[in-house]
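Shown next, in structure tokens, is the structure this report addresses.
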Amino acid sequence: MDLSVAFLGTGGSVPTARRATACLLVMRGGDRIMFDCGEGSQRQMHRSLGLVQLDEIYITHLHLDHYLGLPGLLKTYDLQSREAPLTIHGPPGLRRLFGDLGRLIGKTRYEVEVNELAPGQAVPHDGYEVRAFPVEHRMPAFGYRLGEPDRPGRFDKQAAERLGVPEGPAYSALQGGEEVKGADGVVRPEDVMGTARPGRTVVITGDTAPCVATSEAAEGAELLVHDGSFAEEEAQRAAETGHSTAGQAAALAREAQVKLLALIHVSSRYNVGQVLEEARGVFEPTIAPRDFDLVEVPFPDHGEPVLVPNGARERREAPEADPAEAAPRS
């Protein structure tokens, strides 16, 4: 099952020519989930993967640079005659926000469900969950932990043959956790199955100061995407505004023993290389993705997360469609 994270908006609160505001797209198998939808997110999709039909959108908090792209994206889907429902998840206040945005978006022919989450609440999916955790910002804000359960250990066919288990349904039963009959009695799953193999974890913080909740959520994660707004020289300003320095994010990643740290939301006042150097002095496996970079996240027993520069552009998923073609002509 493939798992990758496309960085569509990696800049701070002000978009620049090279970096859009907050927007990530997680692709797991056939699922397409967006985290934050800053200004111009649908343009970033057009410029890379194509206008992907999202399954869900998760908003970290209700500052404009994290949701301003929603009205345009939802309206474009409507003009394209989308029929599948779309759920928007986020912190308390999300329903009230959509009451205001409704005047901009109008009525859509597909259902838009707004789901306000509580701290610690999980949204179950087939083979994984997305769990909200509270972060420290200037307003109610969540980070999100996408986590998979442990996978069964590898099936030892030679051990099964030695125990006289007939090939076929009995093998499937053992892999499903059931006991079967062998040549000399009962054969239990643990007799032929290796130790459980861990699933994958991706954690996305949104805007936050370093906090215990993030450290706990990110424990052993394959990928931590963390606010790195400031350099160390402005640690006081970071604390006052509910953000992190690159060094603070790196220290948290080191403590949580994550495999890879990705810094985003770096203020446009900095050369990103300077901020990245500070972070790597604390935690070497740190990257600062550019817009359209992609991180592939294999299972832990298959290797480490890998940065693919410009990978979102190289992995276009669908042909471009012109929304005007779907709009009624006057």
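The values are calculated or read from the model by the stated rules, or taken from the named source; none is laboratory data. Being a predicted model, the structure only gives us computed values, none of them experimental. Every residue, glycine as well, gets a Cβ built from its backbone with ideal geometry; the counts of neighbours run over all protein chains shown. Keep in mind that these areas ignore ligands, DNA and RNA; they rest on the heavy atoms of the full protein, side chains included. Shrake-Rupley method; radii C 1.70, N 1.55, O 1.52, S 1.80 Å.
Things worth noting here:
- Percentage, to the nearest whole number, of Cα pairs in segment 12-60 over 18 Å apart: 25 percent
- Ellipsoid equivalent to segment 168-232 - semi-axes via the Cα gyration tensor, in Å: 46, 10, 8
- Counting only protein heavy atoms and a 1.4 Å probe, the chain has 46 square angstrom of accessible area per residue.
- Rg/Rh ratio calculated on Cα atoms of segment 63-182 (Kirkwood radius): 1.25
- One way to sum up the overall shape of the chain is the equivalent ellipsoid from its Cα gyration tensor, whose semi-axes run 38, 27, 18 Å, largest first.
- With all protein chains modelled, accessible area of Leu70 [1.4 Å, Å²]: 0 Å²
- Unit charges at the beta carbon, dipole of the chain: most positive-side option, Ile105, Ala17, His125: Ile105
- Segment 60-78 and segment 259-316 have Cα centres separated by 24 Å.
- Peptides ranked, highest mean first, by Cβ atoms within 10 Å: ranges 28-36, 118-126: 28-36, 118-126
- Taking segment 194-262 and dividing mean pair separation by its residue count, relative contact order in percent (alpha carbons under 8 Å, at least six apart): 36 percent
- Bridgeable lysines around Lys157 (alpha carbons under 23 Å apart, same-chain partners fewer than 8 residues away excluded): Lys181.
- Nearby lysines by direct alpha-carbon distance to Lys75 (threshold 19 angstrom, same-chain neighbours under 8 apart not counted): Lys107
- Translational diffusion coefficient (Stokes-Einstein; Kirkwood radius from C-alpha pairs) of segment 180-330 at 20 °C, 1.002 mPa s, in µm²/s: 119 µm²/s
- Computed over the chain with a Gaussian network model linking Cα atoms closer than 10 Å, the most mobile of Arg269, Arg138, Arg290 is Arg269.
- Element breakdown for segment 67-162 at a 1.4 angstrom probe: carbon and sulfur atoms account for 49% of the accessible area.
- Relative contact order, percent, segment 11-78 [alpha-carbon distance under 8 Å, six or more residues apart]: 31 percent
- Peptides 142-149, 42-49, 177-184 ranked from most to least packed give 142-149, 42-49, 177-184, packing being the mean of other C-beta atoms within 10 angstrom over each peptide's residues.
- Amide N of segment 141-173 lying under 13 Å from the label point, which is placed 7 angstrom from the Cα of Gln121 along Cα→Cβ: 142
- Modelled FRET efficiency - R0 51 Å, Glu216 with Lys107, Cβ distances, 0.05 increments: 0.75
- Helices in the chain, meaning DSSP H runs of at least 4 residues, each add -39500 (n - 2.57). Divided by all residues, the mean residue ellipticity at 222 nm is -6500 deg cm²/dmol.
- As a fraction of the 1.4 Å probe accessible area of segment 181-330, surface on carbon and sulfur atoms comes out at 49 percent.
- For segment 103-255, the dipole from Cβ point charges (+1 on Lys and Arg, -1 on Asp and Glu) about the Cα centre works out to 420 debye, to the nearest 20.
- Cα principal axis extents for segment 1-94, largest first, Å: 32, 30, 25
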